[in-house]
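To start, the structure itself, in structure tokens.
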Amino acid sequence: MPLSAPTGRSRLPLRRPNDSAFDGWLSKLEPDCVLFERFHVEERFGCGFERTCPGALRMLDTVDLHSLRSARERLGGQGEVRIPSVEELGEDALRELASVLRSISRS
């Protein structure tokens, strides 16, 4: 099932974020703010929102930093509570942090 968003009476497929139809849909929608549920979604659609709606507030939901949870799972939940090292966090941590920075920075 394709990812889609409600647009009143119809739904617009959001499979290709760099598509001109997506940009046109965003221009008509004119959002004041956008909430990205995960950093993967911000990576995929954030540039379209920034390009088409530069004044919209972009927020990234960080209630669960997925890279931190994944690293703890890989470490096997050894009973001790500690913050994993940078090496243990892996590439997803860098991507997630970059997504956070894009969401809070303003040009």
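Read-outs: derived from the displayed coordinates by stated rules, not from any lab. The shown structure was predicted, so the numbers you read here are calculated from the model rather than taken from an experiment. FYI the Cβ positions are ideal-geometry reconstructions off the backbone, even for glycines, and counts take in every protein chain you see.
Taking amide H positions as modeled 1.01 Å from N, with prolines and chain starts lacking one, the residues under 5 Å from residue 34 and 5 or more places away or on another chain are 57, 58, 59. Protection proxy ranking of 84-92, 22-30, 43-51, by the mean of other Cβ atoms within 10 Å over each peptide's residues and highest first, is 43-51, 22-30, 84-92. Remark: the stretch 51-66, residue by residue, has Karplus-estimated 3J(HN,Hα) of 5, 8, 10, x, x, 6, 6, 9, 10, 10, 6, 10, 4, 10, 6, 4 Hz, where x stands for each Gly or Pro and the curve is 6.51 cos²θ - 1.76 cosθ + 1.60 at θ = phi - 60°.
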